[in-house]
Structures are given as C-alpha cells and as structure tokens.
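*Asks:* Sharing a structure below in structure tokens format, with a few things to ask.
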Amino acid sequence: MARAQNPISTSSEWSFELVQAYDQAIGEIAREFGLDTYPNQIEIISSEQMMDAYASVGMPIGYNHWSYGKQFLNVQQSYNRGQMGLAYEIVINSNPCIAYLMEENTMMMQALVIAHACYGHNSFFKGNYLFRTWTDASSIIDYLVFAKQYISECEEKYGVEAVEAILDSCHAIMNYGVDRYKRPYPISTQEEQLRQKEREEYLQRQINDLWRTIPNDDHDKKQKKKVRFPEEPQENLLYFIEKKAPLLEPWQREIVRIVRKIAQYFYPQRQTQVMNEGWATFWHYHLINTLYDRGLVTDGFMLEFMQSHTSVIYQPSYDSPYYNGINPYTLGFSIYTDLKRICENPTEEDKRWFPEFAGSNWVETLDFAMRNFKDESFILQFLSPKVMRDLKLFCILDDDKNPTIDVTAIHDDEGYRAVREALSAQYNLGNREPNIQIYEVDVRGDRSITLHHQQFNRQPLDEESAQEVLKHIHRLWGFDVHLHSVRDNEVVESFHCPLPKKEDH
Amino acid sequence: MTYIVDRRLNSKNKSTVNRQRFLERYRQHIKKAVSEAIDKRSITDIHNGEKISIPAKDIGEPIFHHGQGGKKVRVLPGNKEFVTGDQIKRPEGGGGSGNGKGAGNSGEGMDDFVFNITQEEFLNFMFEDLALPNLVKRHLAGNTEYKLHRAGIANEGTPGKINIVRSLRAANARRIALTGGKRRKLKELEEEEAKLLNASHPDDLLRLSEIQTQIAELRKKIQRVPWLDDFDLKYNLHVKHPVPRSRAVMFCIMDVSGSMDQATKDIAKRFFLLLYLFLQRNYEYTEVVFIRHHTSAKEVDEQEFFYSRETGGTIVSSALKLTDEIISERYPPEQWNIYAAQASDGDNWNDDSTICYKVLSERLMPKLQYFSYIEITAREHQALWTAYEKVLEDFPQTFAMRQLVSASDIFPVFRQLFQKKVA
C-alpha cells in the first residue's frame with residue numbers, strides 16, 4: 001500500500017519543526033470535526049521533569065509538602081527499577097491548556113500525545129459541564145501561584161512544622177471539601193489577594209460571635225428550645241471548618257481554604273475519569289487514522305501507533321493477575337466508539353435501545369454526550385448492549401450475610417439494564433466514598449462536633465483509618481470529635497477523638 | 001493556536017524540597033535504617049546510597065474509606081463461565097476478590113514503602129552528630145585571621161596607597177577656593193590696565209603704574225598657593241575583617257609494619273576511610289596528610305596510604321617526628337587547626353615508647369587541637385599504650401585513645417571519638 005503520498009515525517013526522531021507540523025495537521029482535522037479547544041501550550045520536558053510533574057499530582061505549581069516528596073520517591077523508585085514507564089503525557093486543565101511531551105518519546109508518540117491531550121482532553125476541559133461549573137481554567141495557574149506563595153510565607157512566619165500539621169489534617173478530609181449541589185464562585189487570584197485580609201478580620205469576628213460565652217439576657221430564654229447547629233447537616237467539612245472552627249488562627253483558615261479550593265479544582269476530574277480518558281482516546285484514534293487516510297503518515301507510523309493504542313485500551317479480565325479494576329480508557333473508548341457506530345450503522349437492537357439518536361449525526365451526538373454528563377450518568381445513558389457483550393461485563397453481589405457471592409446479572413438480554421445500572425452506581429462518588437456529614441456542634445456545651453456516617457449497603461467504615469482521620473479533624477476543630485456510623489437511623493458504631501476514658505463507659 | 005515551549009533546560013529538581021521534607025519527617029526511621037546498614041555493609045562501599053524501607057502504616061495519609069463487610073455490588077469484565085444466578089464460593093481468608101475499596105490509597109497496603117537515598121544523604125545521616133573536636137573552641141579563643149577589605153577613602157595613609165585622582169581633585173578644589181577672589185580682582189585690574197595702556201594723561205599713568213604693581217602683587221599671591229598641599233592627599237582605605245578559620249589539616253598515621261597482619265590493616269584502613277570521608281564533608285578547607293611508617297616514616301598520597309604494601313619493624317616515634325617536621329614546614333599552628341589520628345596494633349620497640357611520649361607531650365600536643373589513637377588488637381596492651389596513657393593524663397582535653405577489636409567496633413568507636421560535645 002503506497003498510501004502515504006506526502007508524509008509529514010518518515011523517521012522516528014522528532015524535531016520542533018515536525019512537532020509543529022503535526023500539531024497543525026492534527027489541529028486542522030480536529031477543527032473539521034468541530035472540536036472546540038483552549039489554545040495549546042506544548043512543553044517539551046525531560047523524564048526527570050516528568051517525574052516532578054507526576055509527583056505534584058498534576059499541578060504545575062504546588063506548595064511544598066512532604067507527601068509530594070513521598071510521591072516523588074515512589075515514582076522515582078519504580079521508574080528506576082523499570083517497573084513502570086512514565087505516562088506519555090500530563091495535561092493541565094488551564095487556559096492555555098498545558099501539555100507535557102517527554103523528550104524521550106518518538107515522533108509517533110509525540111503526535112499521539114498531541115492528538116490525545118491537546119485536542120482530546122483540551123476540548124473535554126472546555127466543553128464538559130462539570131469543568132465549566134467547578135473550575136476556571138484561566139485563573140487556576142494564578143491561584144496556584146498565590147497558594148504556593150501564601151503557604152511559604154506562612155512557613156516563614158509560623159514555622160514549617162505548624163504549616164505542615166494543618167496541611168496534613170486538611171489533606172485527610174480533602175475529599176470532603178465540595179458542596180455537591182451548590183455552584184461555587186469562580187476563583188480569581190487578584191480578588192483572592194484583595195479580599196484575603198478583609199476576610200481574615202471579618203471571619204474572626206464572626207467566629208467570636210458564634211462562640212460568645214457571656215450570656216445575653218434576651219437570647220437566653222429562646223435558647224432553651226435548643227436549635228441544632230448547623231440546622232442542616234453539612235457535607236463540606238473543609239468549608240465548615242474554615243468558617244466555624246473556634247480555635248483556628250486566620251492564616252490557618254486561609255490554608256484550609258486553599259486546600260478546599262484545590263480539592264474543588266480536582267473534583268470534576270474525579271467524576272469524569274471514564275468520559276475524559278475515553279474522549280481523549282477516541283479522538284487520538286480518530287485523528288491519527290484520518291491523518292493516515294489523507295496520506296500524511298506512513299505505514300510504519302501506523303503500526304507503531306496501533307501498538308501503543310492497543311496497550312492503552314487493554315482490559316485484563318477479572319481473573320487475570322494484571323487485573324486492576326476496569327480500565328477507564330477502555331470503557332470510555334468503547335462507549336464513544338460504539339456510539340459513533342450506533343449513529344452511523346444502527347442495528348435493530350440499537351434502534352430499540354437508543355431511539356433518540358440511532359442514525360443521527362455522530363459528531364453532534366458525541367459532542368452532546370461529552371458536554372452534559374459525568375461518568376455515572378454517562379454510563380447510564382450510553383453504555384450499549386454491544387459494549388457490555390464485548391467487555392463481557394457481569395455483575396456480582398457480595399453480601400456478608402450470604403455464604404456465597406452471587407452473580408446477579410450478565411451480558412444478556414435480561415441482564416443488560418442491571419449491569420448498566422450497577423456499573424453506573426460504581427462510578428457514583430457518593431457510593432464510592434463513605435458519606436460523612438457534620439451533624440451537630442454543641443455550641444453551648446463542650447463545643448464538641450458530631451459527624452454522621454450514613455451507611456450505604458451496610459458498608460462499615462474502615463476503623464483504623466477513621467480513627468486516624470478523626471485525630472486530624474480534632475486538630476482542626478480543637479475540641480472533642482465524635483463520629484457515629486448510622487444504619488437505618490440507628491447508630492451502629494461510634495468513634496471518638498480523644499478516646500473516651502474507660503471509667504465513663 | 002499552539003505554543004511550543006522547550007522546558008528541558010528548566011530546573012528538573014522541582015521536587016527536591018518536598019523530598020527533603022519527607023526525609024526530615026521520617027528522620028528517625030531513616031537513621032535507624034542507616035545505622036543498620038552500616039553494621040552490615042563493608043565500609044569500602046560506603047560510597048553508595050542506601051535503600052530505606054519504612055513500614056507503610058507509619059507513613060500513610062489516612063482518609064475515610066469503606067472497610068470490609070456490608071453489601072457490595074461490583075461489575076467485572078471478562079466473564080467466561082458465569083450465568084445469572086450462579087453462586088460462587090467466597091475466596092478463603094475473607095479478603096473478597098482483590099480489588100477492595102482501600103486500593104485507592106497507596107498508603108494502605110501492607111507493603112513497606114521503599115526508596116533510595118543518595119550517598120550524600122546517607123553520609124549526612126551517618127555523620128549527623130559528629131564534629132571535629134575543639135574547632136569551635138579554637139575559633140572563639142581569638143586566633144582569628146584577617147582579610148583586608150576596601151573601605152573607601154581616608155585622609156591618612158601610606159604613600160603606596162595614594163589615590164591620585166582623588167588627591168588631584170581635592171587640590172584643584174582647594175586652589176579654586178583659595179584663589180577665586182584674587183583672580184576676580186586680577187581680572188578687573190587687567191581690564192582697567194588695558195584701557196589705560198594707551199592713555200597719556202599723567203593721572204592715568206600714575207594710576208597705571210599703581211595697577212601694575214597691584215597686578216604683580218596679586219600674581220605673586222596666586223602663585224604662592226601651592227599646587228598640591230599635604231592635606232590634598234587622599235589615600236585608599238583598607239580595613240581588616242576577621243575571617244573565621246575553618247582551615248584544618250588532618251594527619252593520618254598508620255603502622256604498616258610486619259606485626260600488622262592483613263586483617264588489622266584492613267580495620268585501620270576502614271577507620272581512616274571513614275575519617276577521610278568525614279573530613280571531606282565537614283570542612284571545606286581540610287587538608288589531609290597521610291603518613292605510614294614501619295621503622296621509618298614516609299609521607300604518601302591517599303592511594304598509596306590505603307593500598308600499597310610494605311612491611312618491616314616498628315618505630316612509632318619516626319612517624320611522630322615526621323609529623324612534627326611537616327607541621328613546622330607547612331602548617332604553622334597559628335594558621336591551621338591541626339588534628340592527628342593514629343592507628344596501630346600496639347606493637348613498638350620497647351625503648352621507643354618513651355621517645356614517643358616525649359615527642360608527643362613536648363613537641364606535638366601543644367600544637368594540636370586533637371590527637372586520637374586507636375589500637376587494633378585483642379591482645380594485652382604493650383608499652384606504647386602505657387606511654388600514651390601518660391599523655392592522656394597530661395592532655396585529657398585534647399588526647400583520646402580507644403581500643404578496637406573487630407571491624408564492627410569501628411563505627412561506634414569512631415562516633416565516640418568524634419561525638420559532638422555539648423558546649
């Protein structure tokens with residue numbers, strides 16, 4: 001096949017000119033398919049720098065903390081031992097969208113990364129509703145700079161240890177730093193800096209009010225009725241602590257806030273793994289194939305590409321020693337690819353299952369799917385019977401009350417819906433993570449804070465780690481912390497920090 | 001719109017601070033691992049880093065997660081044999097099938113956290129509490145060195161330091177100041193003179209001659225103002241700044257005589273190796289002199305000191321005398337902190353030991369900051385040890401001696417000898 005009439009490159013060495021040429025060619029095709037992206041900033045880095053980027057969990061600028069050092073040592077160790085290759089790319093949800101290319105990559109790999117990150121992920125960041133709601137791509141870099149600076153100033157003023165302690169504690173409850181049902185204000189650095197001082201003073205005043213101990217005559221009587229505080233349970237632990245913890249210094253509140261804001265920035269990524277990776281994989285596959293169809297890359301290039309692509313979407317089966325959960329690349333890629341097929345060549349089954357878009361314009365349908373869902377709802381909407389058959393998905397129920405594990409549904413006509421619902425639920429953050437909320441603060445008494453864990457499917461908390469996390473909450477809150485694990489409105493287990501004295505119970 | 005940026009030249013050690021923080025936090029664990037490693041490994045491969053492993057539960061970052069139990073629904077890929085309604089026996093041990101919820105948190109597994117520290121870090125941990133004795137004391141005693149720094153311009157100084165430009169500028173200014181008024185007067189008179197030159201009126205002539213004498217007088221006065229005066233002279237000023245002195249020289253003295261068997265030499269070598277590494281990292285300006293001796297002493301380079309073979313009888317004093325000679329030739333005690341360490345198996349010609357005592361206590365010890373002696377032997381002490389014990393009595397602050405039996409004693413003894421003394 002002499003299809004490559006005028007290939008962009010023939011050797012596997014890359015150069016800046018070639019990177020640019022590929023980016024142009026890929027960008028052109030991406031625009032033809034209507035991919036709307038932020039401007040791209042492609043940064044070429046060495047493998048050491050890639051390890052640095054890795055260790056800072058994808059933040060281009062991070063404040064200093066030992067846990068990132070641990071992360072780094074971990075990456076370095078396994079990389080040096082050859083246990084793992086580095087990811088081909090890291091891409092940052094910012095405007096311009098920053099993508100890292102490693103200098104060790106071949107030309108093919110650079111092109112793949114450009115297609116995957118600069119057009120796939122980038123358009124996802126710009127289009128998906130969660131990212132649009134929760135993150136502000138244009139200000140994140142500024143905010144991270146502010147955060148890093150603020151924290152290093154605090155270290156100078158109050159000592160590294162004091163700052164580290166607060167950060168440790170905040171990290172422990174970082175997953176509880178988001179109001180799921182409220183839209184946040186976009187973060188802007190300038191504003192942050194301007195308002196920060198003001199906020200410090202204002203906050204402190206409010207807190208002093210809340211904890212006022214001098215009795216106030218006219219209020220005294222009404223309080224007999226005992227209003228619970230907070231009136232509604234609070235799911236955003238970090239926010240509540242930032243605003244209401246009685247003993248924190250203003251700078252400590254600011255650090256809590258920083259961790260909360262960063263948690264918020266990562267919140268959409270935790271909920272769109274399958275969609276995001278699937279989308280990027282689908283598009284690198286599609287864009288590179290179009291390059292090939294137009295004779296811009298050689299057969300050799302394509303072979304190398306297919307090999308990488310195949311290993312990216314490899315899904316070991318549940319009983320394989322390599323099995324490590326469902327590969328989000330595979331699942332996402334399969335769903336999008338099948339969605340395209342359903343639009344272009346719908347079968348009778350597809351028409352039954354997806355009457356709304358079987359036979360519609362695939363570019364528009366995929367765009368719609370990318371923009372308006374998160375993993376949970378995306379799977380519920382678009383996982384087709386064919387994908388379930390291809391991946392041979394089956395559903396098991398592991399109930400500790402039963403002596404055996406039951407297979408409740410498999411990839412057949414009776415099981416499709418059940419499997420799909422179960423898989424969707426598996427991606428629901430609310431099911432994956434223990435549901436923990438602030439239930440009550442004893443404002444007039446010992447100032448203790450009470451948390452409730454609403455059990456889901458009777459799943460208990462891991463005791464050891466729960467006890468550890470309570471210590472951290474205790475550090476932030478400053479008074480006793482209680483955690484009740486609740487099943488059907490009944491407390492089944494309780495944790496306390498500090499541990500209650502033996503005689504009392 | 002795409003920008004391509006080459007970042008490869010940017011610093012690549014962005015994680016260094018975080019790494020350091022991690023090491024700091026787990027200091028105790030790492031120190032323990034390091035000292036265990038020292039016990040095990042031979043000191044000749046001290047140049048490597050070390051693999052440190054820390055129990056994972058000690059460094060976990062706790063988060064809330066689900067524990068075992070309850071009802072779990074899971075979707076898995078790759079079904080081969082199951083149909084709806086199948087009942088599978090639970091795997092033994094109750095662990096569920098491998099992908100528990102805890103898997104998301106890398107700190108929760110039971111494996112140890114393993115990582116490498118570099119040689120430098122390894123040595124840092126190893127030498128942490130050690131310091132060369134008395135260095136600070138000597139420094140505080142005031143035997144400081146000075147360094148000249150430029151400190152602007154002064155009115156006094158030696159001729160060699162005259163600042164010509166500034167001196168001439170000052171002279172110029174003085175001349176202008178002193179002659180300004182006279183010059184103005186002179187100018188006026190000269191103008192008047194020019195007008196009167198062609199006059200013929202006797203009054204005018206009288207006036208002219210009057211003016212001319214005045215002019216001559218003024219000129220004389222102006223001329224009398226010196227072109228350069230004593231107080232015009234400006235000198236470059238240099239002031240002395242004390243420089244802290246951490247310049248040290250270490251004499252390593254080793255017996256390589258016939259009585260030293262290979263094992264003993266090996267231990268001695270290791271001791272010096274340790275010492276040498278220690279010096280290299282603690283003091284920027286440290287010189288090391290290696291002296292090996294049997295019946296006669298010889299100054300050698302490092303390579304030869306550790307690795308060449310030679311045998312013969314034993315006269316310890318030869319090495320001590322050579323040390324003294326080298327000190328007076330090259331290392332004046334007022335400029336150098338001098339340390340010496342000697343390793344031997346304790347063998348010496350009997351009548352030489354008294355000479356050793358004399359050389360040490362009379363000539364060497366007054367110049368030295370510290371002298372440490374290690375005797376590598378499992379046998380009874382001999383005359384040399386007794387002689388040195390007398391030195392120890394005379395110089396308890398600056399003389400130290402220890403006995404080593406096996407290689408495993410090296411590090412503890414080394415630490416003892418060079419323990420940081422709490423002031």
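*Asks:* Go through (1) at the interface with chain B (Cβ under 10 Å from one of its Cβ atoms); (2) of a type in the set (A, V, I, L, M); (3) free of Cβ contacts under 8 Å to residues at least 60 places away in the same chain for A:Ile436 and report which single condition fails.
*Replies:* The failed condition is (3).
*Asks:* Further question on the same structure: I'm trying to understand the selection: among the residues of the range A:319-358, which are assigned to a loop (DSSP other than H, G, I, E, B), within 14 Å of chain B (Cβ to nearest Cβ) and among the hydroxyl-bearing types (Ser, Thr, Tyr)?
*Replies:* Step one: of the range A:319-358, the residues assigned to a loop (DSSP other than H, G, I, E, B) are A:319-327, A:345-347, A:354-358.
When the remaining residues are screened for being within 14 Å of chain B (Cβ to nearest Cβ), the result is A:319-327.
Matches in the range A:319-358: A:Ser320, A:Tyr322, A:Tyr323.
*Asks:* Tally up the residues in the range B:18-36 that are crowded, with 17+ Cβ neighbours inside 10 Å, facing another protein chain (nearest Cβ under 9 Å) and not aromatic (Phe, Trp, Tyr), please. Explain how you work it out, then say what you get.
*Replies:* Just the residues of the range B:18-36 that are crowded, with 17+ Cβ neighbours inside 10 Å, to begin with: B:18-19, B:21-23, B:25-26, B:29-30, B:33-34.
If we keep only those that are facing another protein chain (nearest Cβ under 9 Å) too, we end up with B:18-19, B:21-23, B:25-26.
Cutting the leftovers down to not aromatic (Phe, Trp, Tyr) gives us B:18-19, B:21, B:23, B:25.
Count: 5.
*Asks:* Oh, and also: Can you say whether B:Ser209 is at pLDDT below 80, outside the structural domain of B:Glu375 (by TED's automatic domain parsing) and either in a helix (DSSP H, G or I) or open to solvent by 30 Å² or more (accessible area, probe 1.4 Å) (or both), as far as the supplied structure shows? Spell out how you get there, then give the answer.
*Replies:* Numbers: at pLDDT below 80: no; outside the structural domain of B:Glu375 (by TED's automatic domain parsing): yes; either in a helix (DSSP H, G or I) or open to solvent by 30 Å² or more (accessible area, probe 1.4 Å) (or both): yes.
Considered against the rule, which asks whether it is at pLDDT below 80, outside the structural domain of B:Glu375 (by TED's automatic domain parsing) and either in a helix (DSSP H, G or I) or open to solvent by 30 Å² or more (accessible area, probe 1.4 Å) (or both), B:Ser209 comes out as no.
*Asks:* Just for the range B:55-76: of the residues that are part of a loop (DSSP other than H, G, I, E, B) and more than 7 Å from chain A (Cβ to nearest Cβ), which one is farthest from the chain's Cα centre (by Cα)?
*Replies:* Restricting attention to the range B:55-76, the residues satisfying the condition of being part of a loop (DSSP other than H, G, I, E, B) are B:55, B:59-65, B:67-70.
Filter once more, keeping what is more than 7 Å from chain A (Cβ to nearest Cβ): B:55, B:60, B:68.
Values: B:Pro55: 35, B:Gly60: 37, B:Gln68: 56 Å.
Ranking the qualifying residues of the range B:55-76, first place goes to B:Gln68.
Results for (1) outside any strand (DSSP E or B); (2) more than 10 Å from chain B (Cβ to nearest Cβ); (3) on the phi < 0 side of the Ramachandran plot; (4) open to solvent by less than 40 Å² (accessible area, probe 1.4 Å), shown as yes or no for each residue.
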| site | (1), (2), (3), (4) |
| --- | --- |
| A:Asp398 | no, no, yes, yes |
| A:Asp446 | yes, yes, yes, no |
| A:Arg475 | yes, yes, yes, no |
| A:Phe495 | no, yes, yes, yes |
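*Asks:* Shifting gears a bit: In the range A:235-251, what residues are out of contact with any Asp or Glu (no Cβ under 9 Å at 6 or more places or on another chain), surrounded by 15 or more Cβ atoms within 10 Å (Cβ to Cβ) and not charged (D, E, K, R)?
*Replies:* Those that are out of contact with any Asp or Glu (no Cβ under 9 Å at 6 or more places or on another chain), surrounded by 15 or more Cβ atoms within 10 Å (Cβ to Cβ) and not charged (D, E, K, R): A:Leu237, A:Leu238, A:Phe240, A:Ile241, A:Ala245, A:Pro246.
Yes/no per residue for (1) of a type in the set (Asp, Glu); (2) under 20 Å from A:Tyr79 (Cβ atoms); (3) within 9 Å of another protein chain (Cβ to nearest Cβ):
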| site | (1), (2), (3) |
| --- | --- |
| A:Glu28 | yes, no, no |
| A:Gln41 | no, no, yes |
| A:Ile44 | no, yes, yes |
| A:Asp52 | yes, yes, yes |
| A:Ser56 | no, yes, yes |
| A:Met59 | no, yes, no |
| A:Gly62 | no, yes, yes |
| A:His65 | no, no, yes |
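*Asks:* Hey, among A:Glu468, A:Glu414, which residue is part of a loop (DSSP other than H, G, I, E, B) and out of contact with any Asp or Glu (no Cβ under 7 Å at 6 or more places or on another chain)? Give the steps one after another, and end with the answer.
*Replies:* On the way: A:Glu468 fails: part of a loop (DSSP other than H, G, I, E, B).
It is A:Glu414.
*Asks:* For B:Ala199, all conditions in the list (1) at pLDDT below 85; (2) of a type in the set (Gly, Ala, Ser); (3) surrounded by fewer than 11 Cβ atoms within 10 Å (Cβ to Cβ) hold save one; what is the number of the exception?
*Replies:* Every condition holds for B:Ala199 apart from (3).
*Asks:* Let me ask something additional. Please find, within the range B:310-329, the residue that is most open to solvent (accessible area, probe 1.4 Å) out of those that are free of Cβ contacts under 8 Å to residues at least 24 places away in the same chain and over 22 Å from B:Thr354 (Cα atoms).
*Replies:* Narrowing the range B:310-329 to residues free of Cβ contacts under 8 Å to residues at least 24 places away in the same chain: B:325, B:328-329.
Next, from what is left, pick out any that are over 22 Å from B:Thr354 (Cα atoms): B:328-329.
Values: B:Ser328: 85, B:Glu329: 139 Å².
If we take residues in the range B:310-329 being free of Cβ contacts under 8 Å to residues at least 24 places away in the same chain and over 22 Å from B:Thr354 (Cα atoms), then B:Glu329 is most open to solvent (accessible area, probe 1.4 Å).
*Asks:* Given the conditions (1) under 23 Å from A:Gly177 (Cα atoms); (2) aliphatic (A, V, I, L, M); (3) not in a helix (DSSP H, G or I), report the number of the one that A:Val491 does not fulfil.
*Replies:* (1)
*Asks:* I would also like to ask the following. For A:Gly415, only one of the following conditions fails: (1) facing chain B (nearest Cβ under 7 Å); (2) touching a Phe, Trp or Tyr at 6+ places or on another chain (Cβ under 7 Å). What is its number?
*Replies:* It is condition (2) that A:Gly415 fails.
*Asks:* Look at the range A:146-183 and say how many of its residues are touching a Phe, Trp or Tyr at 6+ places or on another chain (Cβ under 9 Å), within 11 Å of another protein chain (Cβ to nearest Cβ), among the small types (Gly, Ala, Ser) and buried (at least 18 other Cβ atoms within 10 Å of the Cβ).
*Replies:* Adding up the residues that qualify gives 1.
*Asks:* Next up: List, please: which pairs have Cβ atoms under 8 Å, are six or more places apart or on different chains, and start with a residue in the range A:306-325 that is farther than 16 Å from A:His116 by Cβ and end with one that is in a loop (DSSP other than H, G, I, E, B) and of a type in the set (Phe, Trp, Tyr)?
*Replies:* What qualifies is A:Pro316/A:Tyr322; A:Pro316/A:Tyr323; A:Ser317/A:Tyr323.
*Asks:* Something else: Counting only residues that are within 13 Å of chain B (Cβ to nearest Cβ) and open to solvent by 60 Å² or more (accessible area, probe 1.4 Å), which one in the range A:8-26 is farthest from the chain's Cα centre (by Cα)?
*Replies:* Applying the first criterion (within 13 Å of chain B (Cβ to nearest Cβ)) to the range A:8-26 yields A:14-26.
With open to solvent by 60 Å² or more (accessible area, probe 1.4 Å) added as a condition, the list becomes A:16-17, A:20, A:24.
On the way: A:Phe16: 32, A:Glu17: 35, A:Gln20: 31, A:Gln24: 30 Å.
Applying the filter and picking the extreme gives A:Glu17.
*Asks:* Further question on the same structure: Mind checking whether some residue in the range B:171-180 is under 30 Å from B:Lys240 (Cα atoms), surrounded by 12 or more Cβ atoms within 10 Å (Cβ to Cβ) and not basic (Lys, Arg)? Quick ask: steps written out before the conclusion?
*Replies:* Step one: filter the range B:171-180 for residues under 30 Å from B:Lys240 (Cα atoms), giving B:171.
Going one step further and asking which of them are surrounded by 12 or more Cβ atoms within 10 Å (Cβ to Cβ), we end up with B:171.
Filter again for not basic (Lys, Arg), leaving B:171.
Yes: the range B:171-180 contains one or more residues that are under 30 Å from B:Lys240 (Cα atoms), surrounded by 12 or more Cβ atoms within 10 Å (Cβ to Cβ) and not basic (Lys, Arg).
*Asks:* Given the conditions (1) touching a helix residue (DSSP H, G or I) at 6+ places or on another chain (Cβ under 7 Å); (2) touching a residue at least 24 places away in the same chain (Cβ under 8 Å); (3) surrounded by fewer than 15 Cβ atoms within 10 Å (Cβ to Cβ), report the number of the one that A:Glu344 does not fulfil.
*Replies:* Checking A:Glu344 against (1) touching a helix residue (DSSP H, G or I) at 6+ places or on another chain (Cβ under 7 Å); (2) touching a residue at least 24 places away in the same chain (Cβ under 8 Å); (3) surrounded by fewer than 15 Cβ atoms within 10 Å (Cβ to Cβ), the one that fails is (2).
*Asks:* Mind checking which residues of the range B:220-236 are surrounded by 13 or more Cβ atoms within 10 Å (Cβ to Cβ) and either touching a Phe, Trp or Tyr at 6+ places or on another chain (Cβ under 8 Å) or in a helix (DSSP H, G or I) (or both)? Lay out the reasoning, then the answer.
*Replies:* As a first pass, look at the range B:220-236 and keep what is surrounded by 13 or more Cβ atoms within 10 Å (Cβ to Cβ): B:221-222, B:225, B:228-229, B:232-236.
Within the range B:220-236, B:Lys221, B:Ile222, B:Asp232 qualify.
The values are calculated or read from the model by the stated rules, or taken from the named source; none is laboratory data. As the structure is a computational prediction, the values presented were derived from the model and not from experiment. So basically every Cβ, Gly included, is an ideal-geometry build from the backbone, and we count neighbours across all protein chains shown. Accessible surface is based on the protein model in full, side chains and every heavy atom, while ligands, DNA and RNA are left aside. Shrake-Rupley method; radii C 1.70, N 1.55, O 1.52, S 1.80 Å.
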